[in-house]
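The values are calculated or read from the model by the stated rules, or taken from the named source; none is laboratory data. Just so it is clear, the model here is predicted, and its values are computed rather than measured. Please note: Cβ atoms are built from the backbone with ideal geometry, for glycine as well, and neighbour counts cover all protein chains shown.
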Amino acid sequence: MSISAAVIEARIRQAEPHDAVAWTADCSATVHLDRLTGPAHGLIDPPGNLLADGPRSPARAKWDIDRLEVKRRLYRMCLTRGCAFDIYRWVNLPDLVMLWNSLELPRSVALPWERAFAQLGLISSPTPAPSVRPAV
């Protein structure tokens with residue numbers, strides 16, 4: 001399902017204040033979707049605290065988030081390793097929803113976000129977990 005940024009923003013404005021995702025990498029914060037107003041375009045200095053090699057990493061050069069693979073990498077880092085501050089600083093909700101199916105997140109990360117997206121009508125429903133067949 002493809003949904004426009006304008007529709008996403010309208011649904012967020014209509015949402016109740018309690019509509020939120022209760023998962024971040026530090027497992028101690030709630031992220032409110034209406035605050036996901038990170039940059040949508042341009043060059044950014046990547047978040048050094050989330051880079052595998054730390055703030056002095058060679059990956060510290062400017063990142064062009066107009067390139068989808070760069071934006072996907074940024075969002076995966078924020079959602080799997082970031083705290084609420086990182087998510088608020090770097091993630092843009094309309095872009096997150098549009099890129100969602102290509103992020104390849106662990107189920108433990110993706111499911112709470114999908115529930116919140118589904119609650120707001122941004123996706124049809126959370127993707128079911130793959131069924132596990134018992135060993136015979």
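Cβ-Cβ under 7 Å, sequence separation 6+ or interchain: first residue in the stretch 62-85 and touching a residue at least 12 places away in the same chain (Cβ under 8 Å), partner in a helix (DSSP H, G or I) and of a type in the set (S, T, N, Q). Which pairs? The qualifying pairs are 72/102.
Looking at the stretch 59-122, the helices (runs of 4 or more DSSP H) lying wholly inside it that each contain 2 or more residues that are in contact with a helix residue (DSSP H, G or I) (Cβ under 8 Å, 6 or more places away or on another chain), more than 15 Å from residue 49 (Cα to Cα) and hydrophobic (A, V, I, L, M, F, W, C) sit at 93-99, 107-119. The set of residues in the stretch 72-87 being of a type in the set (Ser, Thr, Tyr) and at pLDDT below 90 consists of 80 alone. In the set 90, 113, 100, only one residue is modelled with pLDDT under 90, of a type in the set (Phe, Trp, Tyr) and within 23 Å of residue 123 (Cα to Cα); that residue is 113.
Looking at this structure, is residue 124 over 11 Å from the mean Cα position of the chain (by Cα), modelled with pLDDT under 85, within 24 Å of residue 8 (Cβ to Cβ) and surrounded by fewer than 13 Cβ atoms within 10 Å (Cβ to Cβ)? Taking the combined requirement at face value, the residue satisfies it. Checked against the criterion of being among the basic types (Lys, Arg) and in contact (Cβ under 8 Å) with a residue 24 or more places away in the chain, the stretch 101-114 contains not a single residue that satisfies it.
Checking each residue in the stretch 13-42 for being aliphatic (A, V, I, L, M), at pLDDT 80 or above and assigned to a strand (DSSP E or B) picks out only 31. Being modelled with pLDDT of 90 or more and within 20 Å of residue 6 (Cα to Cα) is a description that does not apply to residue 63.
Among the residues making up the stretch 43-56, those that are modelled with pLDDT under 90 and either over 29 Å from residue 30 (Cβ atoms) or among the acidic types (Asp, Glu) (or both) are 45, 53, 56.
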